[in-house]
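Colleague: Here it is: the structure, laid out below.
The values are calculated or read from the model by the stated rules, or taken from the named source; none is laboratory data. Being a predicted model, the structure only gives us computed values, none of them experimental. Positions of Cβ are backbone-derived with ideal geometry, glycine not excepted, and every protein chain shown enters the neighbour counts. Heads up: the accessible areas ignore ligands, DNA and RNA and are worked out on the full protein's heavy atoms, side chains in. Shrake-Rupley method; radii C 1.70, N 1.55, O 1.52, S 1.80 Å.
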Amino acid sequence: MSPRKADARPLYAKVHAALVERIRSGEWKAGELIPNEFEIAAEFKVSQGTARKAISALADERLVVRRQGRGTYVYEHTPDDILLRFLNFFDSAGQQIAPGNRSTRREVSRATQAERKALNLPAEARVIRFDRIRTRGRKPFITECVVLPERMFPGLADSADIPDSFYDIFQKTYGVLVTRTDERLTATVADKEAARELAIAAGSPLLRIERTAYTLDSRAVEWRVSLCHLDRAYY
């Protein structure tokens, strides 16, 4: 169908919005080849240049990936991609650090006030919490708490295997595509619990990272609080 004529946006923006909706709705799935610019131009009754501009906007937003000689595909989260895109830790030589995952504890309960605020949840909402220790060279490096709305991820708390990253599961199992994160970084010191988990002295300096992850339609789907012991490392 052609874009609505009453819409005052530029023509490419109308086509772009229609294509975004196909990704958001799951009509175009993760990793799927999308129609080329000739096919999109014909479907929407626009020029090839307009279709190309709409697809380029999707690529700029990292909603699709162009592969030379193969076509354009819906963006798909992979563990390696998540490492490069969302975990920005580097050692003193400038090499990116890939934190390991030592342990994970989980629980489901009513959201706290802070969790409701971060995830825009109603008063009686329940959340899934994952507490884990991330490692660097087999030593504790980060302690983090990941909070998710239970209603969006039914059954995840009962999953036997919890991977290092959640975003690929969000996309492939639940049709939830994380497209951006907002982070707040502050300096803090280790309390007794953090000191025990990170095997450091109480009062040691830590970096606190508060991250909220958002979907394509700007829903908050994850709130994560990490305490990082940046020994010979930086963020």
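Colleague: I'd like the full set of residues that are touching a residue at least 24 places away in the same chain (Cβ under 8 Å) and either open to solvent by less than 10 Å² (accessible area, probe 1.4 Å) or under 28 Å from Arg180 (Cα atoms) (or both), limited to segment 45-63.
Modeller: Thr50, Ala51, Lys53, Ala54, Ile55, Ala57, Leu58, Glu61, Arg62, Leu63
Colleague: In segment 137-144, is there at least one residue being outside any helix (DSSP H, G or I), closer than 24 Å to Ser103 by Cβ, at pLDDT below 90 and open to solvent by 20 Å² or more (accessible area, probe 1.4 Å)?
Modeller: yes
Colleague: Would you confirm whether any residue within segment 65-74 is of a type outside the set (Asp, Glu), in contact (Cβ under 8 Å) with a residue 40 or more places away in the chain and either part of a loop (DSSP other than H, G, I, E, B) or more than 28 Å from Val20 (Cα to Cα) (or both)?
Modeller: Scanning segment 65-74 turns up no residue that is of a type outside the set (Asp, Glu), in contact (Cβ under 8 Å) with a residue 40 or more places away in the chain and either part of a loop (DSSP other than H, G, I, E, B) or more than 28 Å from Val20 (Cα to Cα) (or both).
Colleague: Go through segment 219-235 and report how many residues are modelled with pLDDT of 90 or more and of a type outside the set (Val, Ile, Thr).
Modeller: 10
Colleague: Within segment 196-215, how many residues turn out to be crowded, with 18+ Cβ neighbours inside 10 Å and among the aliphatic types (A, V, I, L, M)?
Modeller: The total comes to 5.
Colleague: Then there is this: Pairs only if they're at least six apart or on different chains, beta carbon under 8 angstrom, first in segment 86-97 and over 20 Å from Arg180 (Cα atoms), second at pLDDT 85 or above and loosely packed, with under 11 Cβ neighbours inside 10 Å; list them, first residue then second.
Modeller: Asp91/Arg232; Ser92/Arg232
Colleague: One residue is enough: does segment 64-85 have a residue meeting the conditions open to solvent by 30 Å² or more (accessible area, probe 1.4 Å), under 21 Å from Ser165 (Cβ atoms), in contact with a helix residue (DSSP H, G or I) (Cβ under 9 Å, 6 or more places away or on another chain) and modelled with pLDDT of 85 or more?
Modeller: yes
Colleague: Here is a further query. Taking segment 14-34 as the region of interest, how many residues are free of Cβ contacts under 8 Å to residues at least 12 places away in the same chain and outside any helix (DSSP H, G or I)?
Modeller: 1
Colleague: Across segment 163-218, what is the total count of residues that are of a type in the set (D, E, K, R) and either assigned to a loop (DSSP other than H, G, I, E, B) or in contact with a strand residue (DSSP E or B) (Cβ under 8 Å, 6 or more places away or on another chain) (or both)?
Modeller: 11
Colleague: Here's a follow-up. Condition test on Glu115, is it within 20 Å of Gln96 (Cα to Cα), touching a residue at least 12 places away in the same chain (Cβ under 8 Å) and open to solvent by less than 20 Å² (accessible area, probe 1.4 Å)?
Modeller: In short, no.
Colleague: Still on this model: Residue check: is Arg151 under 30 Å from Val64 (Cβ atoms) and within 15 Å of the chain's Cα centre (by Cα)?
Modeller: Spelling it out, it is not the case that Arg151 is under 30 Å from Val64 (Cβ atoms) and within 15 Å of the chain's Cα centre (by Cα).
Colleague: Would you pick out the residues in segment 89-103 that are open to solvent by 50 Å² or more (accessible area, probe 1.4 Å) and polar (S, T, N, Q)?
Modeller: Of everything in segment 89-103, those that are open to solvent by 50 Å² or more (accessible area, probe 1.4 Å) and polar (S, T, N, Q) turn out to be Ser92, Gln95, Gln96.
Colleague: Within segment 129-136, can one find any residue that is within 20 Å of the chain's Cα centre (by Cα), among the acidic types (Asp, Glu), open to solvent by less than 20 Å² (accessible area, probe 1.4 Å) and at pLDDT 90 or above?
Modeller: No, segment 129-136 contains no residue that is within 20 Å of the chain's Cα centre (by Cα), among the acidic types (Asp, Glu), open to solvent by less than 20 Å² (accessible area, probe 1.4 Å) and at pLDDT 90 or above.
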